[in-house]
Amino acid sequence: MEVRARAPGKIILAGEHAVVHGSTAVAAAIDLYTYISLRFPTPQDNDDTLKLHLKDLDLEFSWPVAKIKEVLLDMGSHPASSPLSCSFETTKALVSLVEEQNIPEAKSGLASGISAFLWLYTSIHGYKPAKAVVTSELPLGSGLGSSAAFCVALSAALLALSDSVKLDFSHQGWQMYGDNELELVNKWAFEGEKMIHGKPSGIDNTVSTYGNMIKFRSGELTRIKTNMPLKMLITNTKVGRNTKALVASVSERAVRYPSAMTSVFNAVDSISNEVATIIQSPVSDDLAITEKEEKLEELMEMSQGLLQCMGVSHSSIENVIRTTLKYKLSTKLTGAGGGGCVLTLLPTLLSGTVVDKVIAELEACGYQCLIAGIGGRGMEISFSGSSLT
Ligand SMILES: Nc1ncnc2c1ncn2[C@@H]1O[C@H](COP(=O)(O)OP(=O)(O)O)[C@@H](O)[C@H]1O
Ligand SMILES: C[C@@](O)(CCOP(=O)(O)O)CC(=O)O
Ligand SMILES: [Mg+2]
């Protein structure tokens with residue numbers, strides 16, 4: 001039997017980086033997913049390897065399970081029901097298993113994702129042969145939470161084939177997990193995110209697991225019910241960056257200027273709470289929607305200013321801000337910044353012609369624009385008898 005899992009990416013409307021330091025943030029799932037298929041070989045396959053196929057990158061990795069067992073010094077069995085952090089020694093051992101795979105230089109960022117794969121796989125299934133195939137609609141390393149979507153989809157698929165969750169295998173199509181299973185997926189995914197981000201807040205894996213829109217602070221999520229249409233233009237500057245390095249740089253600045261940065265993080269906390277209040281407050285008519293949109297635009301500008309204070313903006317981000325401002329539109333970075341993706345609020349009454357013009361101007365700079373559905377589904381799984389390709 002094969003299990004398929006999918007998990008969405010996300011946008012952060014307010015609070016990135018500050019959320020790592022205990023401030024509130026607001027995030028929403030988007031309708032772009034990472035998919036993982038997982039299957040154990042049959043005895044007839046005579047296959048003793050663990051395989052990871054990153055299909056859209058055209059990369060395949062393979063380890064004899066005996067080799068993994070030897071390098072990881074046989075951690076022994078561990079209950080999948082209690083997520084575990086990867087120790088320093090095991091991280092080092094995983095790095096050696098990843099290094100021997102000769103990842104192309106230009107894709108060296110994948111190493112941490114592959115380590116996370118090996119850690120989650122061996123923690124939940126030990127040294128059993130299997131094949132995992134990954135595809136993703138999300139750009140990797142661009143602020144849309146591809147790392148979290150990868151860890152959530154992977155944890156969901158691994159748990160589906162473990163004894164820790166009870167599922168209806170006869171169900172056709174995508175199905176959701178129950179609350180306890182979602183909590184378990186989220187906890188394992190967080191352990192994977194730690195291997196990719198270093199010090200994640202947990203907001204990305206949480207919104208990818210549960211979907212919708214959430215307010216998140218110190219590991220606690222509150223669901224947000226939107227009471228207004230929310231349309232965002234997502235522009236990918238295509239400037240590569242690495243969340244782990246950016247999160248570390250903000251922490252270093254916070255160590256150098258503790259008092260100033262505490263004020264910045266407190267201001268972000270207030271902004272995120274304002275954003276959540278506006279999104280949830282009832283609207284009576286078009287005028288009320290316009291007022292709410294204007295406030296959100298102002299708060300996005302304030303967020304972006306504070307992200308600049310944290311040192312995570314970039315000339316490409318500033319270029320998008322300047323370009324959209326010509327059309328009186330507000331833009332902020334989303335995710336870790338340093339390049340990657342930015343959000344521009346598209347007010348309800350904005351004409352389609354203006355949207356087309358902005359997109360044309362941004363695309364002429366070499367950026368990529370998309371309008372994704374916001375606040376949709378979280379992780380889901382499906383079973384099939386068909387084999388992987
Ligand atoms: N589909 C995927 N397959 C393998 N690794 C992935 C995948 N998606 C994400 N990753 C891992 O996550 C890293 C990107 O994460 P990150 O820097 O946090 O950016 P973001 O989460 O915004 O996309 C990649 O370099 C890789 O290690
Ligand atoms: C910067 C941060 O707030 C979000 C990072 O998101 P992304 O990996 O850039 O999609 C880090 C975190 O919350 O773990
Ligand atoms: Mg990430």
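The values are calculated or read from the model by the stated rules, or taken from the named source; none is laboratory data. In this text, all values refer to a predicted model and were calculated from it rather than measured experimentally. With ideal geometry, Cβ positions are generated from the backbone for all residues, glycine too; neighbour counts draw on all protein chains shown.
Which condition breaks for residue 173 when tested against (1) part of a loop (DSSP other than H, G, I, E, B); (2) crowded, with 19+ Cβ neighbours inside 10 Å; (3) not aromatic (Phe, Trp, Tyr)? All conditions are met except number (2).
The conditions of being buried (at least 16 other Cβ atoms within 10 Å of the Cβ), under 25 Å from the mean Cα position of the chain (by Cα) and β-branched (Val, Ile, Thr) are met by residue 34. Filtering 112, 96 for residues that are within 16 Å of ligand 2 (Cβ to nearest atom) and either out of contact with any helix residue (DSSP H, G or I) (no Cβ under 8 Å at 6 or more places or on another chain) or at pLDDT 95 or above (or both) leaves a single hit, 112. Looking only at residues that are hydrophobic (A, V, I, L, M, F, W, C) and within 17 Å of residue 211 (Cβ to Cβ) in region 138-153, which one is nearest to ligand 1 (Cβ to nearest atom)? The qualifying residue nearest to ligand 1 (Cβ to nearest atom) is 150. Between a first residue in region 94-118 that is assigned by TED's automatic domain parsing to the domain that holds residue 197 and a second residue that is surrounded by 15 or more Cβ atoms within 10 Å (Cβ to Cβ) and in a loop (DSSP other than H, G, I, E, B), which pairs have beta carbons less than 7 Å apart while being 6 or more apart in sequence or on different chains? From residues that are assigned by TED's automatic domain parsing to the domain that holds residue 197, the pairs are 109/141; 109/242; 110/103; 111/103. So, in region 170-226, of the ones that are under 21 Å from residue 32 (Cα atoms) and of a type in the set (Asp, Glu), which residue ends up farthest from ligand 2 (Cβ to nearest atom)? The selected residue is 193. Might you check whether a residue that is without any contact (Cβ under 8 Å) to a residue 40 or more places away in the chain and closer than 17 Å to residue 39 by Cα occurs anywhere in region 64-81? Yes, the conditions are met somewhere in region 64-81.
Yes/no per residue for (1) touching a Leu at 6+ places or on another chain (Cβ under 8 Å); (2) within 16 Å of ligand 3 (Cβ to nearest atom):
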| residue | (1), (2) |
| --- | --- |
| 102 | no, no |
| 106 | no, no |
| 111 | no, yes |
| 114 | yes, yes |
| 117 | yes, yes |
| 125 | yes, no |
| 130 | yes, no |
| 141 | no, yes |
| 152 | no, yes |
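Within region 48-75, the residues that satisfy the criterion of being in contact with a strand residue (DSSP E or B) (Cβ under 8 Å, 6 or more places away or on another chain) and of a type outside the set (A, V, I, L, M, F, W, C) are 48, 49, 51, 53, 55, 56, 60, 62, 64. As a summary of the residue check, residue 80 satisfies the conditions (1) farther than 21 Å from residue 185 by Cα; (2) surrounded by 14 or more Cβ atoms within 10 Å (Cβ to Cβ) except for the one numbered (1).
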